[in-house]
Amino acid sequence: MNPTLEGHLLDGRRALVTGGASGIGAACARELAARGAHVTVADVDGDGAKTVAEEVGGEAWVVDLSDTRALDGLRLDTDVLVNNAGIQRVSAIQDFVPDDFRLVHRIMLEAPFLLVRAALPGMYERGWGRVVNISSVHGLVASPFKSAYVSAKHGLEGLSKVTALEGGQHGVTSVCVNPGYVRTPLVEKQIAEQAAVHGIPEHEVMAQVILAEAAVKRLVEPHEVASLVGWLTGPDGAMVSGASWTIDGGWSAR
Ligand SMILES: NC(=O)c1ccc[n+]([C@@H]2O[C@H](COP(=O)([O-])OP(=O)(O)OC[C@H]3O[C@@H](n4cnc5c(N)ncnc54)[C@H](O)[C@@H]3O)[C@@H](O)[C@H]2O)c1
């Protein structure tokens, strides 16, 4: 972020970023802190969460978001909620392990619902809130071998739109951000699985699978996603609600 352009637009606000220990979430934690927010970094990776929290002057919340029952009675006091934590599993449907499908849906759809549910009462009381759901181009279009991920992200799109409709009269917006492939461990970890399901060598996965659909042939950088998230939480983002913002190098233009 360019501090001379943005000032401290989130001074006095609290922000919670799930999956904030790594990749896009860590970049969002840095961006929101640079804008003045007090950031809580929520992650199952306790060491990573504490490291990022210390760096941004915030706090860590070590939590396994796959344990969704534990979130049923939660109440969150946060002005900005970034639902970002996620995992990937790559397999043909007939081979997809049922518990892997359920795990992806618990972390990437049930937990966002429960966190929004926990945060809205406080946002409504204060008359201001920003919910940013890190969806994906896979919230809008599909790819083979990602049934759990694609369906969870499509569900997140629906959750975001309902949140936008219910929250509008209370000063709360809800948006999805939809990146193409971003340079993070989540992408690095799926190279071997992608090679196996597509029947190609690992060194061909980048060109033949990952960058195949994008017009701009490079990975998105985490800070580029975070910069968009920062803008969406600022005053000029106030009329963006129920929308899905692609940042995918042209992938979804096809
Ligand atoms: N990397 C990409 O290409 C890409 C593209 C589009 C969307 N996304 C989305 O962006 C989000 C972040 O992905 P990333 O690429 O930064 O991944 P990442 O692997 O770098 O980070 C994900 C974070 O989520 C945390 N996490 C995983 N399971 C958790 C759980 N049960 N409880 C709490 N935290 C948990 C991990 O510990 C990690 O810190 C995900 O929702 C992903 O679907 C990523």
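The values are calculated or read from the model by the stated rules, or taken from the named source; none is laboratory data. Only a predicted model underlies this, so the values are computations on that prediction, with no experimental measurement involved. Cβ placement follows ideal geometry from the backbone for every residue including glycine, while neighbour counts extend to all protein chains displayed.
Details
- Counted as qualifying within segment 36-115 are the strands (runs of 3 or more DSSP E) with 3 or more residues that are surrounded by 17 or more Cβ atoms within 10 Å (Cβ to Cβ) and away from the ligand (no atom under 11 Å from the Cβ), namely 38-43.
- So TRP245, is it surrounded by fewer than 21 Cβ atoms within 10 Å (Cβ to Cβ) and touching a Cys at 6+ places or on another chain (Cβ under 8 Å): yes
- Residue in segment 12-21 that is among the hydroxyl-bearing types (Ser, Thr, Tyr), surrounded by fewer than 24 Cβ atoms within 10 Å (Cβ to Cβ) and under 23 Å from LYS189 (Cβ atoms) present: no
- Between ARG13, ARG30, the distinction of being closer than 18 Å to ILE134 by Cα and either more than 8 Å from the ligand (Cβ to nearest atom) or of a type outside the set (A, V, I, L, M, F, W, C) (or both) belongs to ARG30 only.
- Considering segment 116-234, the qualifying helices (runs of 4 or more DSSP H), each wholly inside and each with 1 or more residues that are crowded, with 19+ Cβ neighbours inside 10 Å and touching a residue at least 40 places away in the same chain (Cβ under 8 Å), run over 147-167, 191-198, 222-233.
- Residue that is modelled with the lowest pLDDT, among those in segment 3-30 that are of a type in the set (D, E, K, R) and farther than 12 Å from ASP79 by Cβ: GLU6
- For segment 170-188, the candidate set comprises residues that are within 7 Å of the ligand (Cβ to nearest atom) and of a type in the set (A, V, I, L, M); within that set, the residue that is farthest from SER160 (Cα to Cα) is VAL187.
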